[in-house]
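Have a look at the structure below, then the notes.
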Amino acid sequence: TSNPNAVPNSLRWGLNNRIHGMTSTAGGKIEAVLWNRQHSNGQLPAVQARGRDFSIDPRTGYMELESGGAQFGMAFDCWGNKFESTNNAPIEMIMIEDRYLARNPFLAAPSPRVRIWVDGETVYPTSPPEPWRVIRTEMRVSDSFSGPVEGGGTPSGYFTAACGLTIYQGNAWPEAYRNSALVCEPAGHRIHRMRLEPDGIGFTAHRTEVKREFVASDEIWFRPIQLANAPDGTLYVADMYREIIEHPDAVPPSAKKYLDLTRGNDRGRIYRIVPDGFQQPPPPRLGALSTTELVALLAHPNGWHRTTASRLLFERHDPAAIEPLRKLATESPVPLGRMHALYALEGMGALDAALILARLEDDHPRIREHAVRLAEGVLADSPQVRNRLCAMAGDEDPRVRNQVALTVGNIPGPQATSTLAAIGVHDAADRWVRLAILSSSLDRAGSLLSAMATERQWRTTSAGRQLLEELANQAGRQNRRDQVAEVLRVLADLPEGEHGLAKQIVHGLTEGLKRSGGKLPTELGTAGKAKEILADMVAQAIRVASDTSQPVAARVEAIHSLALAPYQDAAHILVDQLDGRQPQQVQSAAVATLGQFQNQQVGPLIVAARSGFSRQVPPGAHAALFG
């Protein structure tokens with residue numbers, strides 16, 4: 001609560017009948033308190049949400065962590081894709097759900113939040129920069145006031161307070177505006193609009209207005225901070241309308257003396273953006289509609305109607321909705337209506353395997369994608385659904401194949417492993433599909449590698465080699481003897497002409513075993529080809545580590561590789577690198593590598609070399625001695 005710019009925000013109703021929110025950059029614990037039907041307070045377990053978002057089950061109040069972690073502004077598009085905004089990043093996309101990453105504790109995953117804005121950082125204000133901003137920029141450039149030097153040292157013309165991201169889903173604007181991404185920039189008195197274009201399983205965002213902004217004001221008190229799709233199909237804008245929008249700590253004390261940072265705290269405006277000739281429809285009163293009428297609104301052209309009807313159906317939990325929902329999910333000519341009907345049925349506990357099976361063969365790829373995701377609720381009890389999912393590895397749509405890779409990770413056995421292998425061979429060039437496969441590799445990494453390695457032409461591609469190395473690493477990290485044995489078998493079968501691939505697989509396996517504490521000599525001592533490759537890698541590392549003519553980065557990498565060597569072969573080389581004449585990066589790498597050996601001589605060696613350390617003790621020294 002110390003930073004008013006970094007508090008939970010952007011509560012949104014999700015397709016999965018949960019309330020989704022952001023924690024911003026402050027993180028910390030979030031608690032939900034229920035007021036139950038007996039009017040007694042019941043406190044639920046807190047979640048530690050730093051760096052992630054959260055969602056709430058509206059019926060129980062229980063929270064789950066979600067992928068995210070941006071600052072202010074979360075939006076779902078009409079198909080449930082999730083986007084966020086941070087002060088200097090107008091739009092980012094969430095590429096994978098946290099629950100898929102969490103199921104594989106051995107997976108070191110990248111951030112699921114990816115900046116998709118591709119048109120550079122220039123924006124086009126119509127107002128001059130506020131004088132105090134000019135002063136602050138000059139002070140930051142001269143290093144007399146802390147803070148980032150943005151825009152190459154200019155006070156405006158770039159994003160510095162992007163927030164309130166919203167995807168327009170209304171039906172009042174012209175069709176070309178539908179699914180536009182809009183983001184506020186209150187520090188620059190403008191609203192920016194972007195066009196979303198498919199890019200693999202994600203999107204890229206492109207500026208729509210040329211050298212101008214969708215909304216811009218000359219009035220420096222214009223502070224748009226939040227947007228909302230409106231019941232009438234237009235767009236609302238919340239204007240905070242204050243003289244100063246910055247956190248007090250971001251204003252130099254010399255300027256703060258002449259500013260009233262609270263001026264305007266009794267004001268604020270709401271605007272509505274409408275097209276020319278707009279005719280205001282009667283305000284909808286969805287709460288007064290019957291359950292059957294609400295079901296019909298799930299196919300409405302205005303996103304507000306679809307979302308509100310979904311929420312009301314979930315709240316009512318009326319069994320009379322089930323048959324109309326099944327009919328809508330099966331027969332609606334509107335794909336969005338079919339999708340919303342599926343999720344509404346799931347929210348009522350009435351989504352069965354038969355309906356999911358039918359939608360897995362839907363003509364629309366987005367319906368198939370969501371049917372794959374919803375199938376996770378019936379996998380345990382429906383072999384028909386499992387079989388159908390495993391047959392979808394060759395679906396023509398990349399997003400469907402990606403979701404299949406995520407979902408079949410919940411299915412044990414060789415059938416699902418073969419499905420993952422087929423998707424990997426087809427889509428390994430996409431890093432997010434690779435991540436989906438790795439998230440599904442728990443207890444089957446070696447078997448997956450073995451299945452994919454049979455594709456001779458594919459395994460020689462750069463994407464194929466990378467995925468095989470990553471799977472070998474997973475096999476080592478998971479340290480299951482049967483899966484490590486699968487990797488060693490593949491190595492033994494590789495032809496001599498693929499020594500480079502064999503070396504990558506050995507590198508992945510040994511690095512993984514090192515992480516898991518697996519005993520390399522035990523695993524590799526009887527594996528002829530792996531043992532030979534490992535010996536070559538160690539010999540090369542010894543040569544590079546001790547060669548002072550090599551770049552420091554190459555020597556550091558080689559020193560880390562010496563952890564793969566027997567202690568007696570590596571110790572003398574590593575001790576030599578502790579000499580005070582060596583670069584500190586080299587010393588630190590040597591200490592860290594020594595610390596990985598379980599040998600009682602390591603401590604005395606490091607202590608004996610301490611006089612040769614550079615002025616700063618290598619960061620890994622204490623950990624190696626006392627860890």
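Of note:
- Net charge of Cβ neighbours under 14 Å - reference Asn387; Lys, Arg +1; Asp, Glu -1: 0
- Think of a 1.4 Å ball rolled over the protein heavy atoms: the chain then has 46 Å² of accessible area per residue.
- Heavy atoms of Lys211: accessible area, 1.4 Å probe, square angstrom to 10: 150
- Modelled label reach - Thr154, point 7 Å along Cα→Cβ, the range 89-123 residues with backbone N closer than 15 Å: 120-123
- The value of relative contact order for the range 433-567, using C-alpha pairs under 8 Å at least six residues apart, is 21 percent.
- For Lys514, the lysines whose Cα comes closer than 28 Å to its Cα, not counting residues fewer than 8 places off in the same chain, are Lys503, Lys529, Lys531.
- Between the range 405-453 and the range 193-230, the Cα center-to-center distance that results, in Å: 38
- The range 195-327 shape via C-alpha gyration tensor axes, a/c threshold 1.5: prolate
- In this structure, Thr126 and Glu396 have a Cβ-Cβ separation that, at R0 = 60 Å, corresponds to a calculated FRET efficiency of about 0.85.
- Taking the Kirkwood radius as Rh and the Cα radius of gyration as Rg, the range 27-178 has a ratio of Rg/Rh equal to 1.07.
- Calculated FRET value between Ala354 and Arg99, using beta carbons and R₀ = 25 Å, to 0.05: 0.45
- The local environment of Ala422, defined by Cβ-Cβ distances under 11 Å, has a net charge of -2 under the rule Lys, Arg +1 and Asp, Glu -1.
- Distribution of pairwise C-alpha distances over the range 332-475, 5 Å bins, in %: 2, 11, 21, 21, 17, 12, 8, 5, 3, 0
- Shape of the range 93-251, Cα gyration tensor, a/c cut at 1.5: oblate
- The range 307-368 versus the range 580-599: alpha-carbon centroid distance in Å: 60
- Angle between the chain longest axis and helix 335-347 axis [Cα atoms, degrees, rounded to 10]: 80
- The label point for Glu331 and the one for Asp482, both projected 7 Å from the Cα toward the Cβ, are 4.9 nm apart.
- Principal-axis tilt of helix 584-594 within the chain, Cα atoms, nearest 10 degrees: 70
- Each listed q (0.12, 0.21 Å⁻¹) maps to a log10 I(q)/I(0) for the range 40-118 from the Debye sum over equal C-alpha point scatterers, namely -0.41, -1.04.
- With every protein chain in place, the chain: carbon and sulfur % of accessible area (1.4 Å): 52
- The modelled label-to-label distance for the pair His499/Ser546, using points 7 Å beyond Cα in the direction of Cβ, is 2.2 nm.
- Angle between the chain longest axis and helix 303-316 axis [Cα atoms, degrees, rounded to 10]: 90
- Cα gyration tensor shape of the range 398-506, rounded if a/c is under 1.5, else prolate or oblate by comparing a/b with b/c: oblate
- Charges were assigned to the Cβ only: +1 to each Lys and Arg, -1 to each Asp and Glu. The resulting dipole of the range 444-525 about its Cα centre is roughly 280 debye.
- Under the Debye formula (equal points on every Cα, no solvent term), log10 I(q)/I(0) of the chain at q = 0.06, 0.08, 0.10 Å⁻¹: -0.43, -0.76, -1.08
- Cα→Cβ-extended label distance, 7 Å offset, between Ala320 and Ala539, nm: 8.3
- For the chain: relative contact order, % (alpha-carbon pairs under 8 angstrom, 6 or more apart): 7
- Listed peptides 255-262, 575-582 appear in the order 575-582, 255-262 once ranked by packing, highest mean of other Cβ atoms within 10 Å at the front.
The values are calculated or read from the model by the stated rules, or taken from the named source; none is laboratory data. The structure presented is a predicted model; accordingly, all values stated were derived computationally and were not measured. Using ideal geometry, Cβ is built from the backbone for each residue, glycine included, and neighbour counts are taken over all protein chains shown. With ligands, DNA and RNA removed, areas are computed over all heavy atoms of the protein, side chains included. Shrake-Rupley method; radii C 1.70, N 1.55, O 1.52, S 1.80 Å.
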